[in-house]
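The values are calculated or read from the model by the stated rules, or taken from the named source; none is laboratory data. For clarity, every value in this text was computed on a predicted model and none was experimentally measured. Glycine gets a Cβ as well: all are built from the backbone with ideal geometry, and neighbour counts include every protein chain shown. Only protein heavy atoms, including side chains, enter the accessible area calculation; ligands, DNA and RNA are left aside. Shrake-Rupley method; radii C 1.70, N 1.55, O 1.52, S 1.80 Å.
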Amino acid sequence: MRDKNATEMHHASPAGIARAAEILCSGGIVAVPTETVYGLAARADSDAAVAKIYAAKGRPSFNPLIVHVGSIEQAKALAHFSDMAERVAAAAWPGPLTLVLPRRDDAVLADAVSAGLPTIAVRMPAHPVMRSVLAQSGVPLAAPSANRSNAISPTSAAHVLTTLEGRIDAVLDGGDSQEGLESSILAIRQDGTWEELRPGPVDLSLLHEHFLGQPLATVKAVQTVEAPGQLPRHYSPGKPLRLDALRAEAGEYLIGFGEVEGDCTLSANGDLAEAAARLYACLHLAAQSDCPRIAAAPIPRSGVGKAINDRLRRASY
Ligand code: TXA
Ligand code: MG
């Protein structure tokens, strides 16, 4: 492990962005802001750089990474786009949607990125800082969430440092992530069928109905290793978490919503987008508090509420 002082901190100024791109081009790993959560980026075409991501996170090698691109041309050099995939990408990119598509044989990618799968996960992010980093790096960037494996995802530079300080080359501070939850993941199969692998900020049922005129069948409760990040236990705050709580019991740190006022409240006026943006910050506060247990208020399951409930449920195991 590196010296604790070795992680450089940079504001997302032109100089900070240029330094991040320089580190990435030379094979280093940098935490960068995106609109969903902070990502831990490395050039996706380098075995050595991608290996550093797995080592820093303590991530099992069977869990593949999302490749971030700055343009549709970059994405098409990595994956086969059906007409449908192209239309979905045109509608949703740049933005918080990841597409899992057949990997091209001639894709210039480190093998570890797709962990031996015949598919590749690609996303064109919307965050202006991440877009600048991608443009200046000139290569696709592999980036999982910038946290130790199984820890709470980061929505600020400070969150990144709580688990990765001293383990990564630099953090680029671009303020709080606006969406606050990881991207929605949609697999588009060669036979034209769709599968929702992870709920997120983009409502896939709306997208699906728009494109196919029929509802999206969601994945079954038991996941295959195909989407290992979807294992039931994930996003762990390291303490027991009780769901659908209307009040705190002794020793509980309460995460509130709407009428249920907590020690940290996701949204006092019941706004689900605000709740999504604040979820991980509240979980970080709860994890750091003196309380041995956490409780969370009920959250409606409509819209992005589905993804919020998904993350809370995974954190509660
Ligand atoms: O919003 C996000 O998606 C953030 C930001 C940084 O872009 N990234 C993120 O990465 O959440 P990560 O590694 O925490 O989650 C990636 C998920 C994992 O569940 C992984 O198993 C899945 O994507 N995945 C990656 N490649 C896949 C593939 N070829 N097939 C199925 N699932 C895949
Ligand atoms: Mg993650």
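The phi-based Karplus calculation (6.51 cos²θ - 1.76 cosθ + 1.60; θ = phi - 60°) puts the 3J(HN,Hα) values of region 283-294 at 5, 4, 4, 5, 5, 7, 6, 6, 5, x, 9, 10 Hz, whole numbers, x for Gly and Pro.
Over region 140-202, the fraction of Cα-Cα pairs per 5 Å bin, rounded to whole percents and listed from the shortest bin up, is 4, 15, 19, 22, 16, 10, 7, 5, 2, 0. Remark: the chain is approximated by an ellipsoid whose semi-axes, taken from the C-alpha gyration tensor as √(5λ), come to 30, 25, 17 Å, largest first. The share of C-alpha pairs in region 12-61 whose separation exceeds 17 Å stands at 36 percent.
Provide, for q = 0.18 Å⁻¹, the log10 of I(q)/I(0) from a solvent-free Debye sum over equal Cα point scatterers in region 4-173. The calculated log intensity ratios at q = 0.18 Å⁻¹ are -1.08.
Here the chain is assigned +1 on the Cβ of each Lys and Arg and -1 on the Cβ of each Asp and Glu. Its dipole about the Cα centre then comes out at about 640 debye.
In order along region 56-68, phi translates into HN-Hα couplings of 5, 7, x, 8, x, 6, 7, 9, x, 10, 8, 9, 9 Hz, rounded to whole numbers, per the Karplus curve 6.51 cos²θ - 1.76 cosθ + 1.60 with θ = phi - 60° and x for Gly and Pro.
Phi-derived couplings, Karplus 6.51 cos²θ - 1.76 cosθ + 1.60 at θ = phi - 60°, listed residue by residue for region 15-31: 5, x, 5, 4, 5, 4, 4, 5, 4, 5, 4, 8, x, x, 10, 9, 7 Hz, with x used for Gly and Pro. Heavy atoms of the protein chains alone define the surface here; on that basis the chain has 42 Å² accessible area per residue at 1.4 Å probe size. Pair-distance distribution of region 32-72: all C-alpha pairs, bin width 5 Å, starting at 0; shares per bin in whole percent are 5, 19, 31, 27, 14, 4, 0. Each Lys and Arg Cβ is given +1 and each Asp and Glu Cβ -1; about its Cα centre, region 4-173 then shows a dipole of about 340 debye.
Would you mind telling me the share, in percent, of accessible area of the chain contributed by carbon and sulfur at probe 1.4 angstrom? C and S fraction of accessible area: 52 percent. Strictly greater than 16 Å: what percent of every Cα pair in region 241-315 meets that? Roughly 39 percent, once rounded to a whole number. Take every Cα pair under 8 Å whose residues are at least 6 apart in sequence, average their separation, divide by the length of the chain, and the relative contact order is 20 percent.
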